[in-house]
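S.K.: Before I ask anything, let me first share the structure, which is written out below as structure tokens.
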Amino acid sequence: MAQLSLKRAFLMSLFSRVSSAFRIPPPKRKLRPVERMELHVTHACNLTCESCSHYSNHGHRGNLDLERADRWMKAWSDRIAVEEFYLLGGEPTIHPHLSEFVILVRQHWPAAHIRIVTNGFFLYRHPDLPSTLASDGNADLALSIHHDGADYAERLRPILDLVAIWQRDHGTTVHTWQSHQGWTRRYIGFGATMLPFEDGRPRQSWEICPAKHCTQLYDGKLWKCPPLAYLRLQKAKYDLSEKWDPYLRYRPLDQACTDSELDKFFALEDEPACSMCSAERRRHPLPSPLPRPAQARTSTISRTPLIIRPEASTAGALDSLGAK
Ligand code: SF4
Ligand code: SF4
């Protein structure tokens, strides 16, 4: 009997040594493909586009620090394969370390296409950006144009000159997007008097929604869209009507979710929260989003020291847009 036990122990130890010598790593978790993920690198914006779906026309502040962004991305990058990652805000060029966000996203999502969505007015503060985009090889700029007035066009001229230089010298890909042309009202009013639409047809609201595939990575969690993600910023700043309470109760997806909850989150189309948005495309006259002179004079954002600046007159024209 004792001999049998010894033999069994020997065989077991042999098996254990052989299997550890040829240990096969556990299979990698299958990544769930996600069309698009967006990150506010700052909540601040230098423009005030009426009915901005990110509420960035309401003077919010706050730059995201890289360490925090790294933690947020780490929580999802082994579960999700992002196809397009958008760095925006607010106006992302207000963040002094914008280029480092490109590098950070690339560490987490090696195959994602990275896009910076900008109104362009502070691109000149980021002379390292074109070389960062070039070395990445799968990243570009989307220059969003927010008004068709002569004043706006005049202020835009030096920006177009700058991106033309980046295109020529660094091969930067720049997509110019006349965003004012498709502008619709996202909510009624402004600030404390802001109200949801509540047309009572959430399916129709979702079907025409321009933000329906714009998942937000915010506070380490996944949010269905910008209006739901940043509504709490509005609540913290304004005494909002109680009509917003049901939408403020929206629960984002936490990183502790199961795989089936993750699948459910991305499969969900309209939901009751979509009632806050209009069920019809409500176009409206878009006032110029350029800051008024008083706003420019009371600017409080510190200017990042520049290594290369455009011509002094151009830089002056850009700076006069007054970051908030
Ligand atoms: S530039 Fe963009 S983020 Fe800023 S207010 Fe206009 S739409 Fe909103
Ligand atoms: S709540 Fe629904 S309809 Fe409104 S922006 Fe978000 S996804 Fe679109």
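Laboratory data are not the source of any read-out in this text; all were calculated from the coordinates shown. Bear in mind the structure is a predicted one, so any value in this text is a computation, not a measurement. Heads up, the Cβs are rebuilt from the backbone with ideal geometry, glycines too, and the neighbour counts pull from every protein chain shown.
S.K.: Return the subset of K74/K224; K30/K74; K74/K264; K30/K221; K74/K243 for which the Cα-Cα distance in this structure is over 27 Å, preserving the input order.
M.R.: Working: K74/K224 19 Å; K30/K74 16 Å; K74/K264 21 Å; K30/K221 20 Å; K74/K243 36 Å.
Where the Cα-Cα span goes over 27 Å, the pairs concerned are K74/K243.
S.K.: Apply the Karplus parameterisation 6.51 cos²θ - 1.76 cosθ + 1.60, with θ equal to phi minus 60°, to every residue of the stretch 190-207 and state each ³J(HN,Hα) to the nearest whole Hz, in sequence, with x for glycine and proline.
M.R.: 8, x, 5, 8, 4, 9, x, 6, 6, 6, x, 10, x, 5, 5, 4, 5, 4
S.K.: Where in the stretch 53-109 are there chymotrypsin sites (Phe, Trp or Tyr not before Pro) that are in a DSSP coil and have at most 13 other Cβ atoms within 10 angstrom of their Cβ? Before the final figure, lay out each step's value.
M.R.: On the way: sites: Y55, W72, W76, F85, Y86, F101; in loops: Y55.
Qualifying residues, ordered by number: none.
S.K.: Okay, next question. For the stretch 122-130, what does the Karplus curve 6.51 cos²θ - 1.76 cosθ + 1.60, with θ = phi - 60°, yield as ³J(HN,Hα) per residue in whole Hz, taken in order and with x for Gly and Pro?
M.R.: Whole-Hz 3J(HN,Hα) from phi for the stretch 122-130: 10, 4, 5, 7, 10, x, 7, 5, x.
S.K.: Which translational diffusion coefficient, to the nearest whole µm²/s, is obtained for the stretch 128-243 from the Stokes-Einstein equation, given a Kirkwood hydrodynamic radius over C-alpha pairs, 37 °C and 0.692 mPa s? Write down the numbers at each step before the final one.
M.R.: Values: Rh = 17.6 Å.
Result for D is 186 µm²/s.
S.K.: From the square roots a ≥ b ≥ c of the eigenvalues of the alpha-carbon gyration tensor of the stretch 188-265, which class results: rounded (a/c under 1.5), prolate (a/b over b/c), or oblate?
M.R.: Since a/c reaches 1.5 but b/c is at least a/b, the shape of the stretch 188-265 is classed as oblate.
S.K.: What percent antiparallel are the DSSP beta bridges of the stretch 128-267, to the nearest 5? Working shown, then result.
M.R.: Working: 5 of 9 bridges.
The answer is about 55 percent antiparallel.
S.K.: Separate question: Tally Lys/Arg at +1 and Asp/Glu at -1 over every other residue whose Cβ is under 10 Å from the Cβ of E83; what's the total?
M.R.: Details: positive: R36; negative: E35, E84.
With Lys, Arg at +1 and Asp, Glu at -1, the net is -1.
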